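Just below is one structure, and these are the notes that go with it.
The values are calculated or read from the model by the stated rules, or taken from the named source; none is laboratory data. Note that the coordinates shown come from a computational prediction; the quantities given were computed from them, not determined experimentally. For neighbour counting, all protein chains shown are included, and Cβ atoms are generated from backbone atoms with ideal geometry for every residue, glycine included.
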Amino acid sequence: MENSELNEISNFLIKHPPFDELEPEQLAGLSQQVEVAYYRAGAEILKLSDPIQDLYVIRSGAVEMYKRDGELYNRLTQGEVFGHSGLLMNRRVRLPAVALEDTLLYCIPAQLFHKLFDENDYFADFFDLDGGAQLRQAISANTDSNDLSTVKVKNLQLRDVVTVSKNTSVRDAAVVMTEEMISSVLVTDPDLPVPDDPEDDDGQVVGIITDQDLRTRLLAADLPATTAVKDVMTTDLIVIDENTYVFEVVLKMLRQNVHHLPIVHRRKPVGVVSLSDILLHESQSSILFVRGIFSQQSVDELITYAEQLPAVFLRQVKEDANSHMIGSAMSVIGRCFKQRLLELAENELGPPPVKYCLLALGSMARNEQLIITDQDNALILDEAYNPEQHEDYFIKLATFLTDGLNACGYSYCSGDIMASNGQWRKTLSEWKALFDSWFEQPSPKALLHSSIFFDLDGVAGHTRWADELKRHIARKAKDNPRFLAAMARNALNRTPPLAFFKGFVVEKDGEHKNSINLKRRGTAPLTDVIRVHALAIGSRSLNSFERIDDIIAADILPPGKARDLSDALEYIAMVRIIHQAEDIEAGRKPDNNIEPESLSSFEKRNLKEAFQVLSNAQNFLKFRYTGGHRPGQANNRRQ
Amino acid sequence: MRSQRNQSVDWQQQFQILQAQAEDARLRSYYSEELPEQTTPLADAPLVALDLETTGLDPDQSEIVSIGLVPFSTQRVYLRDYRHWVVKPRKPMSEDSILIHGITHSDVESAPSFDAVFEQLLGALASKIVVVHCRSIEQEFLNRRCLQITGETLKLPIIDTMEIERRALEGRRGALDKLLRRPLGSLRLADARKRYSLPAYQAHHALTDAIATAELLQAQLAYHYRPDTPVRDLWV
């Protein structure tokens, strides 16, 4: 065998993307075209603007790539590839490369690279554009459309197929339907041969029998319950392919005047869709779900209603909503639960003695709430508030709210940042004074647990006070370098798990058995970084994506950097969301952890890219707001 | 590193003489291909890494079972031009040698004899400097088989990566090491490669060893020689 002679090369390539999905003959051909080159540590491999002839695969060693301005762009190690951006753009080196360690490279001639690029979609997708653009592409593949008419019938939560044999008595069939709680059952003929070709397998289904058939063809015709189902079933089966859009199914049901349609994969029934399945699906749309919150008449009803929340979340994910849409919908739903609970509380406790405003803090205020979240809230009370007269009422109101939320799945805040904590019930002037103390004596320590207060929004009651507080914060935070430095310092506390992906030089032999918390190591620190920039420019937006729009408009970041931030946030958030949706579907408790081994190489690559953006953004934050001075020094200079 | 010019042969000139003396047409043809001049910088020299797998070390007692070679330069190893032959020994192989090479009786059953690939082998080596790890083996085996086939000796311009490694290690050895007669360190191909952070390859496969030798020379030159070092400093 020709290729087995070069198995040292092909065995290596097949372990590393994008070569892992090449056809055997492509791989064999590729191995034969490889040229090998050795670079000692420190040697220049690629020089900016030189012509580039090859795609490089690192066989051993480590390589550093630099940007035009000399800033480190990336560090690559065994199995990683470089040079493609130059090959795809203008055949000139775009990112100079230097051997960080003694490095052995496999060089794949440009001609062959382009040939594989044209022949193999996976190979092409892997390289298609670079850096942010690659991430952006990964995101856009996720966010095609959220139009209801694009939901396919296979995405409905269907029941498994239940069948009875054609000779079963109608009575036994009715027992099966009752036990399974279904209104129709498929009828099979076990005597029919099973076709050899799975494409032709129709599951031996010969008919369907429904509640309606039992009524019209059995009872009304005065037939005995011992009648075989084959004598009363409907035989001219109308089936629909699983890829049919839901709206087409509805049209078909209306036109044929049927309420049950078997769904087939190729020809084999995989489920039955009934009109009620479609109604249930519609009721899980977030808009209808929100409307329903306000018709729940008691806390117990609300708690039962909240059990549908995972299904509503799941549906949004399946409809390919992006993280901004999902975060907004889940936040709106969360707000409605709060509003409805306060209405129910006031019904029970009577009208409030003084006006109040309920504040949402953190992810709900930013419209970035997901399925698992704890409650973070606080109250602004009227200046006329008098603890002796009024405190009792607000303790009861707040406790009613926080207990209700907890029962509905919004668990208590572990840091006790809740309206039920007297510390977080203040008049507007008291709130302003608290914020002023943070602005005037900022220290990273004092601000460590208060970043959540800089994402606040009015949810219920006198929400104008919340707007006034937001205005106050935006005005005071802007142009306050000491405060921004302290916030920036805190935003650097949580670092991205680059080592997981980087195969970083010192860790190349290490095993990474731990999982990554995508919230703590990803979306949360990104949100922190974005918040500091937003506060620095006096933005009053709360949502991270809207804050990024403000940051772009203020032009405070180098070109493209703000867009990179939003791409990275979107990507990590979507991986987190999809992971949670998978947990829900599998009946597991959704969480924020993900095991790197469970990711595809494509996801790994994009996640790594996104974490790299975060890391770069943190470095920039440090450089821009902390300026290399300790807060104490800045303090002295100002006074 | 200090050059060893005293040993040096002007192979270009030598080949002209050898061509005139050779009786065998295959050898005449091999010697007629032009070699680089002795002052040619290493960076411009055409090289070919060669490895023979044999049933033992003694060329009189042992047989060649496979031959691997790959052309290269100091910058690139050209895998597309590799050659690999399994050849049929004249005597049956022992079980021990089968264990080492993984080449079995059935592999060699249908293989050509060494004589049958001899001319192709010379063609692949022609006009290039042969690079081997431990030249005595390849030189002796090829010369012995050439004598048997043509009745004449075979002379090859060779760069020996083992010799380069020995010089590099000796150059690094301090006076104290010499006084204490500390051992030099292993010169085996795999161990030499490790010093340059080259990856571990499957050993005792003629083509893989040839590729490994080519990579080793690239690494040794990157560490110990300037690119404009003339070939005469290294070939013997």
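Go through the stretch A:15-48 and give me each residue that's touching a Pro at 6+ places or on another chain (Cβ under 9 Å) and more than 10 Å from chain B (Cβ to nearest Cβ). Please lay out each step first, then the result.
Start the filter on the stretch A:15-48 by keeping residues that are touching a Pro at 6+ places or on another chain (Cβ under 9 Å), which leaves A:33-35, A:44-48.
Result: A:E44, A:I45, A:L46, A:K47, A:L48.
Tell me, yes or no, whether the stretch A:62-75 has at least one residue that is within 14 Å of chain B (Cβ to nearest Cβ) and out of contact with any Leu (no Cβ under 6 Å at 6 or more places or on another chain). I'd like the intermediate steps shown before the answer.
Applying the first criterion (within 14 Å of chain B (Cβ to nearest Cβ)) to the stretch A:62-75 yields A:62-63.
Subset that is out of contact with any Leu (no Cβ under 6 Å at 6 or more places or on another chain): none.
No, because not a single residue in the stretch A:62-75 is within 14 Å of chain B (Cβ to nearest Cβ) and out of contact with any Leu (no Cβ under 6 Å at 6 or more places or on another chain).
Any idea which of A:Y38, A:Y56 is more than 31 Å from the chain's Cα centre (by Cα), part of a strand (DSSP E or B) and farther than 21 Å from A:F602 by Cα?
A:Y38
Taking the criterion of being within 22 Å of A:I452 (Cα to Cα) and at pLDDT below 90, would at least one residue in the stretch A:352-359 satisfy it?
Let us first name the residues in the stretch A:352-359 that are within 22 Å of A:I452 (Cα to Cα), namely A:356-359.
Subsequent filtering for residues that are at pLDDT below 90 retains none.
There is no residue in the stretch A:352-359 that is within 22 Å of A:I452 (Cα to Cα) and at pLDDT below 90.
How do the helices (runs of 4 or more DSSP H) wholly within the stretch A:530-623 filter down when requiring 1 or more residues that are assigned by TED's automatic domain parsing to the domain that holds A:N322 and either within 19 Å of A:G327 (Cβ to Cβ) or free of Cβ contacts under 8 Å to residues at least 12 places away in the same chain (or both): which remain? Break it down stepwise before answering.
Working: elements: A:544-554, A:561-585, A:601-621.
Where helices (runs of 4 or more DSSP H) fall fully within the stretch A:530-623, none carries at least 1 residues being assigned by TED's automatic domain parsing to the domain that holds A:N322 and either within 19 Å of A:G327 (Cβ to Cβ) or free of Cβ contacts under 8 Å to residues at least 12 places away in the same chain (or both).
Could you check the stretch A:364-410 and list, in sequence order, the residues that are polar (S, T, N, Q) and touching a Ser or Thr at 6+ places or on another chain (Cβ under 8 Å)? Before the answer, list the steps.
Going residue by residue through the stretch A:364-410, those that are polar (S, T, N, Q) are A:367, A:369, A:373, A:375, A:377, A:386, A:389, A:399, A:402, A:406.
Those that are polar (S, T, N, Q) and touching a Ser or Thr at 6+ places or on another chain (Cβ under 8 Å): A:N367, A:Q369, A:T373, A:Q375, A:N377, A:T399, A:T402.
Just checking, how many residues over the stretch A:202-228 are out of contact with any helix residue (DSSP H, G or I) (no Cβ under 8 Å at 6 or more places or on another chain) and either surrounded by fewer than 16 Cβ atoms within 10 Å (Cβ to Cβ) or without any contact (Cβ under 8 Å) to a residue 12 or more places away in the chain (or both)?
Of the stretch A:202-228, the ones out of contact with any helix residue (DSSP H, G or I) (no Cβ under 8 Å at 6 or more places or on another chain) are A:202-205, A:208, A:210, A:212-213, A:215-217, A:219-222, A:224.
Still in the list and also either surrounded by fewer than 16 Cβ atoms within 10 Å (Cβ to Cβ) or without any contact (Cβ under 8 Å) to a residue 12 or more places away in the chain (or both): A:212, A:215-216, A:219-222, A:224.
So the answer is 8.
For the stretch B:216-236, what are the residues that are away from every other protein chain (no Cβ under 14 Å) and either surrounded by fewer than 16 Cβ atoms within 10 Å (Cβ to Cβ) or at pLDDT below 90 (or both)? Explain how you work it out, then say what you get.
Taking the stretch B:216-236 and keeping what is away from every other protein chain (no Cβ under 14 Å), we get B:228-236.
Those that are away from every other protein chain (no Cβ under 14 Å) and either surrounded by fewer than 16 Cβ atoms within 10 Å (Cβ to Cβ) or at pLDDT below 90 (or both): B:D228, B:V236.
Return yes when A:V299 is in the same structural domain as A:D403 (by TED's automatic domain parsing) and either surrounded by 17 or more Cβ atoms within 10 Å (Cβ to Cβ) or among the small types (G, A, S) (or both) and no when it is not.
Numbers: in the same structural domain as A:D403 (by TED's automatic domain parsing): yes; either surrounded by 17 or more Cβ atoms within 10 Å (Cβ to Cβ) or among the small types (G, A, S) (or both): yes.
Judged against the criteria, A:V299 is a match.
Out of the stretch A:447-466, which residues are farther than 14 Å from A:L434 by Cα, assigned to a helix (DSSP H, G or I) and modelled with pLDDT of 90 or more?
Correct list: A:W465, A:A466.
Test of understanding: among A:A43, A:A110, A:A97, which residue is at pLDDT 85 or above, surrounded by 21 or more Cβ atoms within 10 Å (Cβ to Cβ) and more than 33 Å from the chain's Cα centre (by Cα)?
Numbers: A:A43 fails: surrounded by 21 or more Cβ atoms within 10 Å (Cβ to Cβ); A:A110 fails: surrounded by 21 or more Cβ atoms within 10 Å (Cβ to Cβ).
Checking each option against the conditions leaves just A:A97.
What do you reckon, is A:P195 assigned to a loop (DSSP other than H, G, I, E, B) and not acidic (D, E)?
Details: assigned to a loop (DSSP other than H, G, I, E, B): yes; not acidic (D, E): yes.
So A:P195 fits the description; yes.
Would you be able to say whether some residue in the stretch A:7-28 is among the acidic types (D, E), more than 36 Å from the chain's Cα centre (by Cα) and surrounded by fewer than 16 Cβ atoms within 10 Å (Cβ to Cβ)?
Here is the first cut: in the stretch A:7-28, the residues among the acidic types (D, E) are A:8, A:20-21, A:23, A:25.
Narrowing the set further to residues that are more than 36 Å from the chain's Cα centre (by Cα) leaves A:8, A:25.
Restricting the remaining residues to those that are surrounded by fewer than 16 Cβ atoms within 10 Å (Cβ to Cβ) gives A:25.
Yes, the stretch A:7-28 contains at least one residue that is among the acidic types (D, E), more than 36 Å from the chain's Cα centre (by Cα) and surrounded by fewer than 16 Cβ atoms within 10 Å (Cβ to Cβ).
Out of the residues in the stretch A:229-246 that are surrounded by 14 or more Cβ atoms within 10 Å (Cβ to Cβ) and assigned to a helix (DSSP H, G or I), state the one that is modelled with the lowest pLDDT.
Applying the first criterion (surrounded by 14 or more Cβ atoms within 10 Å (Cβ to Cβ)) to the stretch A:229-246 yields A:229-230, A:232-234, A:237-242, A:244-246.
Then keep just the ones that are assigned to a helix (DSSP H, G or I); that gives A:229-230, A:246.
On the way: A:V229: 91, A:K230: 90, A:V246: 75.
Here the answer is A:V246.
Residues being within 14 Å of another protein chain (Cβ to nearest Cβ) and either closer than 17 Å to A:R40 by Cβ or at pLDDT 85 or above (or both): count how many of those fall in the stretch B:171-214.
Kept after step one, since they are within 14 Å of another protein chain (Cβ to nearest Cβ), are these residues of the stretch B:171-214: B:189-190, B:192-214.
Keeping just the survivors that are either closer than 17 Å to A:R40 by Cβ or at pLDDT 85 or above (or both) gives B:189-190, B:192-201, B:205-214.
The number of residues fulfilling the criteria is 22.
Pairs only if they're at least six apart or on different chains, beta carbon under 8 angstrom, first in the stretch B:66-88 and part of a loop (DSSP other than H, G, I, E, B), second aromatic (F, W, Y); list them, first residue then second.
Correct list of pairs: B:V87/B:F114.
Tell me which residues, restricted to the stretch B:121-148, are of a type in the set (A, V, I, L, M) and either without any contact (Cβ under 8 Å) to a residue 60 or more places away in the chain or closer than 22 Å to B:P183 by Cα (or both). Please lay out each step first, then the result.
At the first step, the residues of the stretch B:121-148 found to be of a type in the set (A, V, I, L, M) are B:121-122, B:124-126, B:129-132, B:137, B:142, B:147.
If the condition is that a residue be of a type in the set (A, V, I, L, M) and either without any contact (Cβ under 8 Å) to a residue 60 or more places away in the chain or closer than 22 Å to B:P183 by Cα (or both), then B:L121, B:L147 are the ones that fit.
Go through the residues of the stretch B:51-65 one by one and say whether even a single one is part of a strand (DSSP E or B) and within 14 Å of chain A (Cβ to nearest Cβ). Reasoning before the result, please.
Residues of the stretch B:51-65 that are part of a strand (DSSP E or B), as a first pass: B:51-54, B:64-65.
Narrowing the set further to residues that are within 14 Å of chain A (Cβ to nearest Cβ) leaves B:51, B:53.
Yes: one or more hits.
Check off (1) surrounded by fewer than 16 Cβ atoms within 10 Å (Cβ to Cβ); (2) assigned to a loop (DSSP other than H, G, I, E, B); (3) modelled with pLDDT under 90 for B:T39 and give me the number that stays unchecked.
(3)
Which residue out of A:F545, A:F620 is within 25 Å of A:A477 (Cβ to Cβ), under 15 Å from the mean Cα position of the chain (by Cα) and at pLDDT 85 or above?
Numbers: A:F620 fails: under 15 Å from the mean Cα position of the chain (by Cα).
Only one candidate passes the filter, namely A:F545.
Is it true that A:K268 is in contact with an Asp or Glu (Cβ under 6 Å, 6 or more places away or on another chain) and under 28 Å from A:T163 (Cβ atoms)?
Working: in contact with an Asp or Glu (Cβ under 6 Å, 6 or more places away or on another chain): yes; under 28 Å from A:T163 (Cβ atoms): yes.
So A:K268 fits the description; yes.
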